[in-house]
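One structure below.
The values are calculated or read from the model by the stated rules, or taken from the named source; none is laboratory data. No experiment lies behind these values; they were computed from the predicted model shown. Cβ placement follows ideal geometry from the backbone for every residue including glycine, while neighbour counts extend to all protein chains displayed. For the accessible areas, the whole protein counts, side chains as well, though only heavy atoms, and no ligand, DNA or RNA atoms are used. Shrake-Rupley method; radii C 1.70, N 1.55, O 1.52, S 1.80 Å.
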Amino acid sequence: MTTPTVHREVERKLRVPAQFAFPDLVSSGVITSWTPGDPFEMTAVYYDTPELRLFRWRITLRRRVGGDDAGWHLKLPVAKADESSRDEVTLPLDAGAPGVVPATLADIVSPLVRDAQLLPVVTVTTVRTPYRVSDSNGTSVIEIVDDQVVVSETANQTTTSFREIEVEALDAEDQGALALMDKIANAFISAGAVPGSTSKAASALGARATS
């Protein structure tokens with residue numbers, strides 16, 4: 001059995017209009033420099049019970065194809081932390097075929113799932129443009145991603161599209177990076193971005209996933 005990896009994720013989610021223009025973070029002195037990457041596409045299928053028990057506990061379980069971190073991802077809330085922090089348990093794609101949740105991840109959420117089935121409930125397709133932000137020493141400390149998102153719900157075939165920006169500290173223990181993350185997020189908010197906290201899939205599912 002493949003051993004999962006675990007890391008702490010700390011990020012700020014921001015919803016923006018389709019025509020939103022990035023603020024000039026360098027000229028305004030928010031950051032020293034940043035480097036854009038090439039856009040790429042990811043497709044993630046999220047799994048839950050028919051009643052969305054995991055989403056309601058702020059837990060997401062997905063199988064994502066595309067990008068540098070393709071694989072199975074289980075994201076869990078962190079005790080005594082706000083919604084910007086989550087622990088992510090990761091397994092490679094071959095740990096479970098599409099439609100078959102790896103036993104390692106299913107066991108973790110079994111107290112919530114109980115005897116219910118874990119089924120595909122929503123598919124999220126994202127075209128992502130990444131940016132790496134460097135500190136004064138040239139070390140990458142922040143990743144900003146600009147996501148064009150299409151969400152398709154399995155149950156009723158509804159489709160939702162939106163644009164979201166995420167600002168993430170590459171080292172969740174680096175206090176300087178965390179402070180810079182907040183500074184960058186505030187610059188986007190001043191330019192018209194709206195803070196958010198729920199996952200792309202949960203936000204599209206609405207009250208069913210958050211009640």
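When Tyr131, Tyr46 are compared by accessible surface with a 1.4 Å probe, the order from highest to lowest is Tyr131, Tyr46. Given R0 = 30 Å, the distance between the Cβ atoms of Arg208 and Gln19 translates into a calculated FRET efficiency of 0.55. Sites listed here are GluC sites (Glu not before Pro) in segment 50-97 whose DSSP assignment is loop and whose Cβ has at most 14 other Cβ atoms within 10 Å: Glu51, Glu83. Once the chain is represented by equal point scatterers at the alpha-carbon sites, with solvent omitted, what log10 I(q)/I(0) does the Debye formula produce at q = 0.18 Å⁻¹? Cα-only, vacuum Debye calculation for the chain: -1.39. The modelled label-to-label distance for the pair Val127/Asp94, using points 7 Å beyond Cα in the direction of Cβ, is 3.2 nm.
Share of carbon and sulfur in the accessible area of segment 26-155 stands at 52%, probe radius 1.4 Å.
The trypsin sites (Lys or Arg not before Pro) of segment 49-134 that DSSP puts in a loop, and whose beta carbon has at most 16 other beta carbons within 10 Å, are Lys80, Arg114.
Efficiency by 1/(1 + (r/R0)^6): what FRET value for Ala81 and Arg114, r their Cβ-Cβ distance, R0 = 35 Å, to the nearest 0.05? Could the numbers behind the result be given before it?
Working: r = 26 Å, r/R0 = 0.75.
My answer for the efficiency is 0.85.
Straight-distance candidates among the lysines for linking to Lys75, with alpha-carbon spacing under 18 Å and chain neighbours fewer than 8 residues away dropped: Lys13, Lys200.
Show Ile189, Ile144 ordered by accessible area, largest first, where the area counts protein heavy atoms only and the probe is 1.4 Å.
On the way: Ile189 65, Ile144 0 Å².
Ranked list, largest accessible area first: Ile189, Ile144.
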